[in-house]
Amino acid sequence: MALATWIAPADVTTEDALRLFAETCAKALEARLVSISITAPDEAIRTFTWPAARARATQPEVRSEPFSTGRRGGHIEAYGANSSADTRELLSAAAARVVLELDQDERAQRREHEGRTAERLALARVLHDGILQELTVAGFAIEGITKRPAERIRGELGAVGNDLRVAQARLRAVVTDLSEVSPTIPSDSRPPASQ
């Protein structure tokens with residue numbers, strides 16, 4: 001199998017793909033153990049080893065190939081592989097494939113971040129353009145009511161109270177929609193039903 005053209009199975013995480021790739025590399029290189037170590041400035045060192053149960057220290061003859069995506073770097077090591085030109089070429093191809101996997105992962109993370117940012121901006125627009133404006137209008141109405149004769153206050157306060165209940169219902173609907181869509185908001189942290 002050509003390591004440079006290896007494709008991760010669909011619907012697997014980057015971590016699972018790298019574990020599978022370590023196994024594929026070990027078989028292609030006829031190595032006793034393959035280890036892929038990845039470092040990044042804002043992440044802990046991650047290592048993917050195949051077979052997982054073997055200790056690196058007991059393995060003879062290590063062949064290593066560095067790789068870098070710009071943000072993340074590391075190396076792929078083959079323990080017990082021969083020192084032929086084919087082995088060096090296969091390790092180089094494997095390192096290039098790891099870079100491609102990491103690049104795909106970085107693009108996916110960037111798209112996810114951009115999606116979350118777009119959702120936050122949309123939510124801010126909904127809150128600002130609708131609910132916040134309704135609350136501001138209600139606040140101005142209350143200020144205006146305090147300057148009116150007492151006989152008119154009761155009816156105007158009733159109208160402001162109604163406006164506040166409408167804004168409260170709209171805000172509750174937005175929060176409920178968010179908590180139903182987002183798995184990060186636990187169900188027990190949803191706002192209580194109106195009383």
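Observations
- Computed from phi, the 3J(HN,Hα) profile of the stretch 74-86 under the Karplus parametrisation 6.51, -1.76, 1.60 (θ = phi - 60°) reads x, 7, 10, 10, 10, 9, x, 7, 6, 9, 6, 5, 4 Hz, with x in place of Gly and Pro.
- Converting phi to 3J(HN,Hα) with the Karplus coefficients 6.51, -1.76 and 1.60 and the offset θ = phi - 60°, the stretch 112-120 yields 5, 5, 5, x, 5, 5, 4, 5, 4 Hz in sequence order, with x at every glycine or proline.
- If R0 is 35 Å, the Cβ-Cβ spacing of Arg111 and Arg154 corresponds to a FRET efficiency of close to 0.05.
- The magnitude of the dipole of the stretch 115-189, with charges of +1 and -1 set on the Cβ of Lys/Arg and Asp/Glu and taken from the Cα centre, is near 200 debye.
- Fully extending the segment from Asp177 to Ala40 would add 45.7 nm, taking 0.36 nm per residue of separation and subtracting the current Cα-Cα distance.
Read-outs: derived from the displayed coordinates by stated rules, not from any lab. Source: prediction; values computed, not measured. We place every Cβ from the backbone using ideal geometry, glycine too, and count neighbours over all the protein chains shown.
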